[in-house]
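Have a look at the structure below before the remarks.
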Amino acid sequence: MATVQQLSTRHVLGIKYLTTADIRLIFETAESFKEVINRPIKKVPSLRDVTVANLFFENSTRTRISFELAEKRLSADVVNFSASSSSVKKGETLLDTVNNILAMKVDMVVMRHPAPGAHHFLAQHIDANIINAGDGTHEHPTQALLDAFSMQEAVGDLTGKKVVIFGDILHSRVALSNIFCLTKLGAKVRVCGPPTLIPKHIQSLGVEVSHDVWDSLKWCDIANVLRIQLERQDIRYFPSLREYSQYFGINKTLLDSLDKPIVIMHPGPINRGVEISSDVADSDHSIILRQVENGVAVRMAVLFLLAAGR
């Protein structure tokens, strides 16, 4: 790769703490790595002798596998940690857990944790680079980066482009990170969903609010559809999944009635037939599988740039 530039920060704790220049540097680096992962030999020695610990205190399939693949493509040594089979179950604190792992000379920590702010706490107490792979309902920065990177591939420069984030905005760390990322890149952002699933005062982040799916689809260039997070809902926010699908689900009939093509995205996993129908998820409008591919390249870029600044 060409001369390595550096991020303005030692950690990726949230999009909120990245500059627009950081985001663009990550995208440029991801472009190079996307070429790498489409070659017959998909590995580069960029992180040889760097040890990365993946700490997942919540269940994850896509994000964990994506990070692990990114690390191995960069030739890093990888340590995987699952809270369900660890001493956390015996009462060990987060700091003790991480310090024990760092005693094994780990250089970087990729962590998903149910507590918002857990990554900030770690960054203040340990010397390793920290990458936030999701903290509670707060942020999921690498998902937002891969989403915006995929949007840019599909429609070009995002300045002035109209993006609607549909669905469970209240419980979604993806929504908040997307809002921060897209507004920094100059996009116009709207959120759309039932009033009970839209946080109060979200307009203060510079976004529009709508409860009208049809109007929002007509307005946008890109629709990023979020999963209904039933596991985080301790009360009923809408009468039934069937009613949610009827009033807020994205289906082929709606798309076919638009006078322009729009890009359909989803961070996964998909509740097919609830927030999005199968014929939309699998349609030519959809770039959902491209998001998955881009996730590896973007995470390679983040790991590489943080390692370069060590």
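The values are calculated or read from the model by the stated rules, or taken from the named source; none is laboratory data. Fair warning: this is a prediction, and the values are worked out from it, not measured in the lab. Glycine also receives a Cβ, built like all others from the backbone with ideal geometry; neighbour counts cover every protein chain displayed. Protein only, heavy atoms only, side chains kept; ligands, DNA and RNA dropped before computing areas. Shrake-Rupley method; radii C 1.70, N 1.55, O 1.52, S 1.80 Å.
Descriptive notes on the structure:
- Test: residue in the range 153-164 that is more than 12 Å from the chain's Cα centre (by Cα) and among the acidic types (Asp, Glu): yes
- Of residues in the range 170-186 being open to solvent by 10 Å² or more (accessible area, probe 1.4 Å) and in a loop (DSSP other than H, G, I, E, B), the one farthest from Val274 (Cα to Cα): Gly186
- If you filter the range 294-310 down to residues that are open to solvent by 10 Å² or more (accessible area, probe 1.4 Å) and more than 13 Å from the chain's Cα centre (by Cα), you find that the one that is modelled with the highest pLDDT is Phe304.
- Screening Val207, Val225, Val263 for residues that are modelled with pLDDT of 95 or more, among the β-branched types (Val, Ile, Thr), crowded, with 18+ Cβ neighbours inside 10 Å and more than 18 Å from the chain's Cα centre (by Cα) leaves exactly one candidate, Val207.
- Tabulated pairs, the range 43-56, first within 16 Å of Phe33 (Cβ to Cβ) and touching a residue at least 60 places away in the same chain (Cβ under 8 Å), second of a type in the set (D, E, K, R) and open to solvent by less than 10 Å² (accessible area, probe 1.4 Å), C-beta under 6 angstrom, 6+ apart or interchain: Val52/Glu71
- Filter pass, Thr19 being open to solvent by 20 Å² or more (accessible area, probe 1.4 Å) and either touching a helix residue (DSSP H, G or I) at 6+ places or on another chain (Cβ under 6 Å) or of a type outside the set (Lys, Arg) (or both): yes
- Scoring Trp214 on the criteria (1) assigned to a helix (DSSP H, G or I); (2) open to solvent by less than 10 Å² (accessible area, probe 1.4 Å) leaves a single failure, condition (2).
- Qualifying residue in the range 141-155 (condition: of a type in the set (Asp, Glu) and either without any contact (Cβ under 8 Å) to a residue 40 or more places away in the chain or not in a helix (DSSP H, G or I) (or both)): no
- Output for the range 187-204, where each listed residue is open to solvent by 50 Å² or more (accessible area, probe 1.4 Å) and more than 16 Å from Val155 (Cα to Cα): Pro195, Thr196, Lys200, His201, Gln203, Ser204
- Close pairs from the range 214-229: first aromatic (Phe, Trp, Tyr), partner open to solvent by 10 Å² or more (accessible area, probe 1.4 Å) and at pLDDT 95 or above, Cβ under 6 Å, at least 6 apart: Trp219/Lys162
- Reported count of residues in the range 142-165, each being of a type in the set (Gly, Ala, Ser), buried (at least 24 other Cβ atoms within 10 Å of the Cβ) and more than 16 Å from Val225 (Cβ to Cβ), is 0.
Rundown of residues vs (1) at pLDDT 90 or above; (2) farther than 30 Å from Val189 by Cα, yes/no style:
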site	(1), (2)
Leu94	no, yes
Val98	no, yes
His113	yes, no
Asn132	yes, no
Thr137	no, no
His140	yes, no
Ser150	yes, no
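- Restricting attention to the range 119-141 and to residues that are among the hydrophobic types (A, V, I, L, M, F, W, C) and open to solvent by less than 10 Å² (accessible area, probe 1.4 Å), the residue that is farthest from Ala301 (Cα to Cα) turns out to be Leu122.
- Test: residue in the range 67-76 that is over 14 Å from Leu303 (Cα atoms), open to solvent by 90 Å² or more (accessible area, probe 1.4 Å) and either free of Cβ contacts under 8 Å to residues at least 40 places away in the same chain or part of a loop (DSSP other than H, G, I, E, B) (or both): no
- Among residues of the range 256-269 that are closer than 15 Å to Cys220 by Cα, those with a beta-carbon under 8 Å from a residue that is assigned to a loop (DSSP other than H, G, I, E, B) and among the hydroxyl-bearing types (Ser, Thr, Tyr) at least six positions away or on a different chain give the pairs Ile264/Ser283.
- Test: residue in the range 235-252 that is buried (at least 20 other Cβ atoms within 10 Å of the Cβ), touching a residue at least 40 places away in the same chain (Cβ under 8 Å) and in a loop (DSSP other than H, G, I, E, B): no
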